[in-house]
Structure formats: structure tokens, C-alpha cells
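What follows is one structure encoded as C-alpha cells, with my remarks underneath.
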Amino acid sequence: FAKKYYINNVPWWFFPFFMFYSYSLAWLFQFYFFVVRQTSTITFDGKHHLTAVPNTILCYWHQFVPIFPVVFHSLPRFVLMAHPYWYMNPILIIAKKSGVEHLILGSSGSRGKEGADELIQLLTKGYSTFMTPDGPEGPPLILKNGILHIAERSNISITPIRFTCTPK
């Protein structure tokens, strides 16, 4: 069921639950991010590279996904390419609230090539993005070719970043 329906084809009978799930989980995540920001010291390695280029592809391992919105809670001129599956909608809601201007539905196995082409077009127009080169399905900490393909075709640099989070 989880990979049968996409964000844009949820059946009518599932739609009320889908909306409740999406906004409830988005709110809980936002609350979690706020609490972490207030109670933690976050170290962000690579931040100085962000001012060196007008736009970039931020690159971090998938294991750091939960901390990314804590550090980047405002993302103007950013575009996000994400899985199109229905269960990803809370993440897309959070991205929109954070200022992401364009959401592209696509990932390897589900509109990946089309999504990458859309992303490349937006990167060449001055937008930035963030990607996990190992992807959600792994293997963890092993680079996949997608990020390299997108960087090469758009002629945009990859900026590796890393986060650490410790209690205050």
C-alpha cells in the first residue's frame, strides 16, 4: 500500500486520513525541530562554503535528514526533489513552510529521470537544492551516481555538509 499511491493520486476514500496524517505529522516534526533548536548546540561543518557560490547542491548523508530542518529552517531560492509516495507529504509540507519554492516529485524508480531533468533546469536558473547521495534505500554512506549526474549536467558545484548535535 505504501508504494502503491502517490501524493497526487490518493483515492477519495483515503484522502481524509491522508490529510490528517500529513498535517499532524508535519506539525509534530515542526515542534520537534523547534525543541531541538532550543535545547541543543548544533555544529554545522561546511557553512562557510555556502557564501562562496550563488547556488549549490548541498550534499549530506541520509542519516542526517532529521537534523537538516533544524539547521535550515528558512530556505529561499531552494528546490526539493522528493519521493512521490503519499507518506512523504508531511516532508513536503515542511519544505513549503520553510520557503522551498519548487517541489519536484521524483526519485530513483519513480519519475527519477524526469525529476532530475526538472531539477537541472531550475539549478541552471539560480536555485539551490539539497540531496542525500546515499538515498533512503541505501546502502548507507555509499555514493550513488544521481548527484554527480545532476551536478555535471547543471554545472553547479556540490557542497558537502555535516551536522553534529549535542545537548546544551
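Here is a yes/no grid of residues against (1) within 23 Å of V10 (Cα to Cα); (2) aromatic (F, W, Y); (3) open to solvent by less than 10 Å² (accessible area, probe 1.4 Å); (4) not in a strand (DSSP E or B):
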site: M81; (1), (2), (3), (4): yes, no, no, no
site: N89; (1), (2), (3), (4): yes, no, no, yes
site: G115; (1), (2), (3), (4): yes, no, yes, yes
site: L123; (1), (2), (3), (4): no, no, yes, yes
site: D134; (1), (2), (3), (4): no, no, yes, yes
site: K144; (1), (2), (3), (4): no, no, no, yes
site: H149; (1), (2), (3), (4): no, no, no, yes
From the list F29, F78, exactly one residue is touching a residue at least 12 places away in the same chain (Cβ under 8 Å), touching a Pro at 6+ places or on another chain (Cβ under 8 Å) and farther than 19 Å from L143 by Cα. Which is it? F29
Has the range 151-159 got at least one residue that is assigned to a helix (DSSP H, G or I), under 17 Å from the mean Cα position of the chain (by Cα) and within 17 Å of G112 (Cβ to Cβ)? yes
Return the pairs, sorted by first residue and then second, in which the second residue is outside any strand (DSSP E or B) and of a type in the set (S, T, Y), the first residue lies in the range 154-168 and is closer than 16 Å to F68 by Cβ and in contact (Cβ under 8 Å) with a residue 60 or more places away in the chain, the beta carbons are less than 6 Å apart, and the residues are 6+ apart or on different chains. T159/T56; I161/Y60
Scanning the range 11-49 residue by residue, those under 12 Å from P69 (Cα atoms) and among the basic types (K, R) turn out to be R37
Considering only the range 117-154, state which residues are among the small types (G, A, S) and more than 19 Å from A82 (Cβ to Cβ). G126
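The values are calculated or read from the model by the stated rules, or taken from the named source; none is laboratory data. Quick caveat, the model's predicted, so the values are computed rather than measured. Glycine also receives a Cβ, built like all others from the backbone with ideal geometry; neighbour counts cover every protein chain displayed. Ligands, DNA and RNA are excluded from the accessible area calculation, which covers all protein heavy atoms including side chains. Shrake-Rupley method; radii C 1.70, N 1.55, O 1.52, S 1.80 Å.
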